[in-house]
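The values are calculated or read from the model by the stated rules, or taken from the named source; none is laboratory data. Computed from a predicted structure; not experimentally measured. Note that each Cβ is placed from the backbone with ideal geometry, even for glycine, and that neighbours are counted across all protein chains shown.
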Amino acid sequence: MTEFLKKAESWNEKLKLSTQMVRDIPPDTILTNGWDKKKLYIHLYGWDNEIIKYADELRQGKPFHVILEESIDKYNQRFFEENEGLDFAAAEKQFLQKREQMLSVYEEILTKYPQNNKEFVGFFFLWEHDAHHLQQAGADISDLKE
């Protein structure tokens, strides 16, 4: 197993851990950016969904490059508007289903389409995104640090 694959597998485990840590945030938590936990679920779901779109390119051996068609704030606004009517339980369910799909895509890419390409690395860094928001929620993220 290459060093890259070992690292990628550890990042996959970090994503599993960060997913559980997000679930463990108390429901009444307000992040330092003003979001409640429902908005956090919607935000993470939205970005997981965006990142999954890049899997087809990776399957074709192309490097991972995120191309944003609009600002990050506009993406977030769209995610929130599209999911405005969700209650907390539905937002949590949506997040968990998309995260399960994301983890499945990670496993597939690692096992069927392994690449030792530094530009490919970013695909496996959703756990860092989670860690950022966990920190905003006041969570101890020491287990997520490398």
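Numerical summary
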{"item": "Per-region count, segment 1-30, residues among the β-branched types (V, I, T), assigned to a loop (DSSP other than H, G, I, E, B) and either touching an Asp or Glu at 6+ places or on another chain (Cβ under 8 Å) or modelled with pLDDT under 95 (or both)", "result": "2"}
{"item": "E69, sole failed condition from (1) touching a His at 6+ places or on another chain (Cβ under 9 Å); (2) of a type in the set (D, E); (3) in a loop (DSSP other than H, G, I, E, B)", "result": "(1)"}
{"item": "Conditions (1) part of a loop (DSSP other than H, G, I, E, B); (2) in contact (Cβ under 8 Å) with a residue 24 or more places away in the chain; number of the one not met by E84", "result": "(2)"}
{"item": "Matching residues in segment 87-115 - criterion: being assigned to a helix (DSSP H, G or I), farther than 17 Å from I25 by Cβ and among the aromatic types (F, W, Y)", "result": "Y106"}
{"item": "Qualifying position, being more than 18 Å from L126 (Cα to Cα), aliphatic (A, V, I, L, M) and either loosely packed, with under 15 Cβ neighbours inside 10 Å or more than 14 Å from the chain's Cα centre (by Cα) (or both), among I25, I72, I30", "result": "I30"}
{"item": "Number of the exception - E92 against (1) touching a residue at least 40 places away in the same chain (Cβ under 8 Å); (2) over 16 Å from V22 (Cβ atoms)", "result": "(2)"}
{"item": "Single residue of segment 116-133 satisfying the filter (modelled with pLDDT under 80 and in a loop (DSSP other than H, G, I, E, B)) that is farthest from I72 (Cα to Cα)", "result": "N116"}
{"item": "From the options A131, A55, A91, residue that is over 14 Å from the mean Cα position of the chain (by Cα), within 19 Å of L15 (Cα to Cα) and surrounded by 15 or more Cβ atoms within 10 Å (Cβ to Cβ)", "result": "A91"}
